[in-house]
Amino acid sequence: MLIEFKDISFQYRDTDTCVFKDITCQISGPGFHSLFGPSGVGKTTLAKMLARSVNGFSGEIMVQQIDNILYSYNLERIPGWACVGEHLTEITRASGEENRRDELIKSFGLRGCLDSRFSRLSMGQQNRVNLARYLLQEFDLLIMDESLANVDEITKEKIILKIKAMFPGKCFLYISHNLAEVAKFCKQILVLRDSAKTPQMISIDGQNHMKGKPLDKKFLERSMLEIVHAS
Amino acid sequence: MLHRRILQFLLIYVLGLTSLLFIKYVLKLSDYVIPGPQGLSHTVSCVFVKYFFDVMNTLSVAVIGHIISVCLATIVGIIGRLNSWAGSFVKVAAYNIQAYPIVAVAPIIFILMGDGISSRLLIAAVICYFPLLLSFIGILSEPVRDIEHFYEVTGRMSWRLQVKIRVFENMNKLATVIVGSATLAMVGTIVAEFIAADSGIGYSIRIALYQSDLSKVLVALFLIGICTSLWLTCLERIGYLIQNHFRKG
Amino acid sequence: MCKHIQKLCFIAAVTATVIVTGACDKKTGDSGKEVTYRLKWLFNASVAGDIYADVNGFFAEQGLDVTIKPGGPERDAIKELELGRSQFGTASADQVIRAVSKGASVVVIAQLFQTNSLQWIYRPDKTRVDTPEDLRGKTIGITYGGNDEAIMRAVLAKYNIMENEVQLFSVHYDYTPFYEGKVDIWPVYRNTQGIFISEKLSEAAERTAFFDPDMAGVRFVANSVITTEQMIKEDPQTVRKFVTALLRGWQKSLDPKNEEKAVAAIHQFDKDTSIETVRKQLSVTKRFIKPSPETEIGKIDADAWKQTENIMLEQNLIPGPVNVEKILKPFYNL
């Protein structure tokens, strides 16, 4: 699995502001990778370019052994006419993913939400439901744009570790503003910086913490420092 | 909801009537210009039942015309939401044609279709159709990205699902537009009857005007107001029940 | 405080400007007594004399500054008189009788149309209506609520024709059902619409004829000049001057020597009708205003008014007798 950004430059139509300038970087192998950076720097735009929903950029994005790319984000909603359980049943009906669905419901702590309308859930619950439904789809790369925002730290850790355990062969691009979180759970952190800085993107190794694997605190601290310096 | 609406109407009606009587007595006008209470009560006893059935006749045409225009606006709105040339064409055509005064076209409709129910129905439908259409096109063309995104990227999106999402998410707006256009349907039917039909309350008003009988017009206005209020309340209730049915969690 | 005064000054200046502008907007220059005359219908050959008097300054000669306003379906001269917006007007007899029955203090000072120009057009090659009895079995157009309904019902009653022996057809503004032959006879104003329809059918090589209720003995008075009781009491001089100028306008406009001038004057106000058609309309109008050389223009036919009242009483169009003769105040008695 390989994702390669080659000399990506981009500016929005009708503006002179350059969002990206000659970005070049690589993500390889399955697992959790992160796109990190301050607000407004272009993380979502770059993720959408990867998901092929933003075009008009120069340079090249090459992917190998990745056919299905899904982009999910934290403001998504499910239709109001169905409750959460009905919706999850509906979207897994044809795929035969019932077992996986039940496992995700259990480990994401969604059992109590199944009979509720989406709008009645808390923002954290909504984000968990949304992520769960994406995980029940066919994908090679899942972009999680703030997909676990408003979820408490303990539940978040439980969810990320569960995803890693359930989908060892899949690639994830995790977009978050939480420094400790990306340094701890991701194996590679792409720090996206302002277009005035060169290079605009810096790659830093993360801890890639897994269930049952001890945490290397020194390495984690060093990663965090490197990320802070880079951004 | 019902009693409030009827109370509002009655208040406005009584205020209007009182103002007319006030003007009549201050300016010492004859019953020919503004009828007195005695003349009014006599007219009520003479025409109330007939006018009630006339209003029912008009209301039934307005309801059918309204239903037709809602269906039509939905169909055209579904086509208009497309990004293809057909969608663009429908949108541009709708925005341009809606500026055309239907009342000016009404005489042509009567010449072509005669003065029967079909002309009244068509005019009622057309008068409330354009405001409906513009709202429907607007609502059905506007993506609900936060919901549609999942279906788009997972390849599950169909036109039916897209319409369902957009309608559901804009249920309040649609209900308001439908209730608003219901009044227009009633107005359209009355105007059509006034111009050329041979039944309905608009036709009766025209005869009353020929006879310079304002008291008949006032009775007609009272019945139109009450019946329209009842109908609008019914529509609001239906809209509320539909929304409630989907939203109960 | 200073700002407050400035604000008041500004408001006063704006108010003064509005008042002055409004005053200047009114017709200036004519020093005569201002009078408004509301017609029953739009400007056409039916008001030839009114237009002629205005255009040729007959009102001004009498010291009056008359504004003639066209009528229409929603205009009612009687209501305008009561509200003080007009001092004179034209109304049909049924309007006047209805108004009097409801307490309006309207009086008739001149009867312009000696016979009603409302007649029924038909195609003699297809439909024969030589006598009123021929109406049996015909499809007859009437405007429900209009005076043509009252006239036709009076004709049918007079000749003992039951409603089930004819078919009444509700007419509107467009003549398609008549052109298509769905209706045998169609109500028209003989001197205006009658000319148009005849011309159209003549282009299609079809002949036309008219059924005249007056010939059948049903006399239902048409346009007459009206004013208020108060006006006659308080300002009889102005009433006299107005009627004098108006009737002079009618006399001159119907004089063959002045035909071209009259046609031009009408056309000036009714540009949508061709000069040729106006000429024909004026010629037919003359028959209703001055049916014979001896007829005095504006003469009030009291018997015809009484008959009109009786027709309306019989058809329950008024609740009780109004003694119409009381409101007939012929100009020559003023």
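The values are calculated or read from the model by the stated rules, or taken from the named source; none is laboratory data. This structure is a prediction, so every number in the text was calculated from the model and none was measured. Here the Cβ positions follow ideal geometry from the backbone for every residue, glycine too, while neighbour counts run over all protein chains shown. Ligands, DNA and RNA are excluded from the accessible area calculation, which covers all protein heavy atoms including side chains. Shrake-Rupley method; radii C 1.70, N 1.55, O 1.52, S 1.80 Å.
In nm, give the distance between the simple-model label positions of residue C:234 and residue A:16, each being 7 Å from the Cα along the Cα-to-Cβ direction.
Label-label distance for residue C:234 and residue A:16, simple model: 7.7 nm.
Take the alpha carbon atoms of the range C:54-89, find their center, do the same for the range B:191-249, and report the distance between the two centers in whole angstrom.
Answer, in whole Å: 38.
From the backbone phi of the range C:86-91, what are the Karplus-calculated ³J(HN,Hα) couplings (6.51 cos²θ - 1.76 cosθ + 1.60, θ = phi - 60°) in whole Hz, Gly and Pro given as x?
Coupling constants for the range C:86-91: 9, 9, 9, x, 10, 8 Hz.
For the range B:1-53, rounded, prolate or oblate, judged on the Cα gyration tensor with a ≥ b ≥ c (square roots of eigenvalues), a/c < 1.5 rounded, else prolate if a/b > b/c?
Working: a/c = 3.82, a/b = 1.32, b/c = 2.89.
Judged from the Cα gyration tensor, the range B:1-53 comes out oblate (a/c at least 1.5, b/c at or above a/b).
Between residue A:196 and residue A:106, how many nm apart are label points set 7 Å from Cα along the C-beta direction?
Result: 5.4 nm between the two label points.
Within chain A, which complete DSSP H helices have Cα atoms spanning at least 15 Å along the helix axis and a mean Kyte-Doolittle hydropathy of 0.0 or higher?
Values: long enough: A:123-135 (18 Å, -0.71); A:153-166 (19 Å, 0.16); A:217-230 (19 Å, -0.04).
Going by DSSP H runs, the hits are A:153-166.
Can you tell which of B:198, B:54, B:31 shows the greatest fluctuation in a Gaussian network model of chain B with Cα springs below 10 Å?
Maximum among the listed residues: B:31.
For the modelled label position 7 Å from the Cα of residue B:93 along Cα-to-Cβ, which residues of the range B:129-151 have backbone nitrogen atoms closer than 20 Å?
B:129-142
Have a look at A:43, A:162, A:106 and tell me which one the Gaussian network model of chain A (Cα, springs below 10 Å) gives the largest fluctuation.
A:106
Any idea of the total accessible area buried by the C-B contact, 1.4 Å probe, rounded to 100 Å²? Mind dumping the intermediate values first?
Details: alone 16720 and 14020 Å², together 28830 Å².
What C and B bury together is about 1900 Å².
Between B:70, B:44, B:191, find the one with the highest GNM mean-square fluctuation for chain B; connect C-alpha pairs within less than 10 Å.
B:44
For residue A:81 and residue A:152, what is the calculated FRET efficiency with R₀ set at 41 Å and r taken between the beta-carbons, to the nearest 0.05? Numbers along the way, then the final one.
Working: r = 30 Å, r/R0 = 0.72.
The value I calculate is 0.90.
Using a Debye calculation, one point per C-alpha and no hydration shell, please list log10 I(q)/I(0) for chain B at q = 0.08, 0.09, 0.13 Å⁻¹ in order.
The Cα Debye sum returns log10 ratios of -0.41, -0.51, -0.90.
Of the options C:42, B:67, B:158, report the single residue whose Cα projects farthest towards the positive end of the charge dipole of the protein assembly as shown (beta-carbon charges: Lys, Arg +1; Asp, Glu -1).
B:158
Explain nothing, just the number: dipole magnitude of chain B about its Cα centre with +1 on each Lys and Arg Cβ and -1 on each Asp and Glu Cβ, in debye rounded to the nearest 20.
Details: 19 positive and 12 negative charges, 111 e Å.
Using Cβ point charges on Lys, Arg, Asp and Glu, chain B gives about 540 debye.
Considering amide H positions built from the backbone, and no H for Pro or chain starts, which residues 5 or more places from residue C:69, or on another chain, come under 5 Å of its amide H?
C:37, C:38, C:39
I'd like the accessible area for residue B:148: 1.4 Å probe, protein heavy atoms, all chains in place, Å² to the nearest 10.
10 Å²
Only four residue types carry charge here, +1 at the Cβ of Lys and Arg and -1 at the Cβ of Asp and Glu. Report the dipole size of the protein assembly as shown about the Cα centre in Debye, rounded to the nearest 20. Before the final figure, lay out the partial values.
Values: 91 positive and 84 negative charges, 446 e Å.
My answer is approximately 2140 debye.
Are any of the pairs A:170/A:213; C:138/C:271; A:6/A:162; C:69/C:286; A:48/B:173 more than 28 Å apart by Cα-Cα distance, and if so, which? Mind dumping the intermediate values first?
Numbers: A:170/A:213 19 Å; C:138/C:271 37 Å; A:6/A:162 33 Å; C:69/C:286 22 Å; A:48/B:173 32 Å.
Flagged as over cut-off: C:138/C:271; A:6/A:162; A:48/B:173.
Rounded to the nearest 0.05, what FRET efficiency do residue B:23 and residue B:50 give with R0 = 22 Å and r taken as the Cβ-Cβ distance? Could you check? The partial results should precede the final answer.
Numbers: r = 28 Å, r/R0 = 1.27.
About 0.20, to the nearest 0.05.
Ignoring any ligand, DNA or RNA, what whole percent of the accessible area of the protein assembly as shown comes from carbon and sulfur when the probe is 1.4 angstrom? Could the numbers behind the result be given before it?
On the way: 22160 of 38780 Å².
For the protein assembly as shown, the apolar C and S fraction of the accessible surface comes to 57 percent.
Projected onto the charge dipole of the range C:118-211 (+1 at Lys/Arg Cβ, -1 at Asp/Glu Cβ, origin at the Cα centre), which of C:162, C:196, C:147 gives the Cα projection farthest towards the positive end?
Looking along the dipole axis, the top candidate is C:162.
Given a 1.4 Å probe and heavy atoms of the protein chains only, how would you sort C:138, C:33, A:187, largest accessible area at the top? If you can, show how the numbers build up before the last one.
Details: C:138 40, C:33 95, A:187 65 Å².
Largest accessible area first, the residues go C:33, A:187, C:138.
At 7 Å along Cα-to-Cβ for each site, give me the label-to-label distance between residue B:105 and residue C:69 in nm.
For the pair residue B:105/residue C:69, the computed spacing is 3.4 nm.
Measuring from centroid to centroid over Cα atoms, what is the spacing of the range C:208-261 and the range B:123-164 in Å?
Computed from Cα coordinates, the inter-centre distance equals 65 Å.
If I take R0 = 25 Å and measure r between the Cβ atoms of residue C:205 and residue C:274 in this structure, what FRET efficiency does the formula 1/(1 + (r/R0)^6) give, to the nearest 0.05? Walk me through the numbers on the way to the answer.
Details: r = 21 Å, r/R0 = 0.83.
Efficiency for this residue pair is about 0.75.
Quick one: go through the range A:57-72 and flag any residue whose amide nitrogen is under 19 Å from the point 7 Å out along the Cα-to-Cβ line of residue B:152.
Answer for the range A:57-72: A:57, A:68-72.
Using the alpha-carbon atoms, what tilt in degrees (0 to 90, nearest 10) does helix C:236-254 show relative to the longest principal axis of chain C?
Helix C:236-254 sits roughly 50 degrees off the main axis of chain C.
Compute the acute angle (0 to 90°) between the alpha-carbon long axis of helix C:2-25 and the principal axis of greatest extent of the alpha-carbon atoms of chain C; round to the nearest 10°.
Between the helix axis and the principal axis of chain C, the angle is about 40 degrees.
Positive end of the charge dipole of the protein assembly as shown (Lys, Arg +1 and Asp, Glu -1 on Cβ, about the Cα centre): tell me which of C:93, A:49, B:35 has its Cα farthest that way.
Towards the positive end, the residue furthest out is A:49.
Which angle between 0 and 90 degrees, to the nearest 10, do you get for helix C:259-269 versus the longest principal axis of chain C when only C-alpha atoms count?
The angle comes out near 70 degrees.
Quick one: order C:156, B:134, B:82 from most to least accessible surface, probe 1.4 Å.
On the way: C:156 10, B:134 40, B:82 70 Å².
Output order, biggest surface exposure first: B:82, B:134, C:156.
Cross-link list A:197/A:217; A:164/A:217; C:299/C:329: which exceed 22 angstrom alpha carbon to alpha carbon?
Working: A:197/A:217 30 Å; A:164/A:217 20 Å; C:299/C:329 10 Å.
Long pairs (Cα-Cα over 22 Å): A:197/A:217.
Distance between Cα centroids, the range C:296-329 to the range C:134-171: provide it in whole Å.
Value for the Cα centre distance between the two parts: 21 Å.
Show B:48, B:89, A:219 ordered by accessible area, largest first, where the area counts protein heavy atoms only and the probe is 1.4 Å.
Numbers: B:48 75, B:89 135, A:219 50 Å².
The residues order as B:89, B:48, A:219, largest area first.
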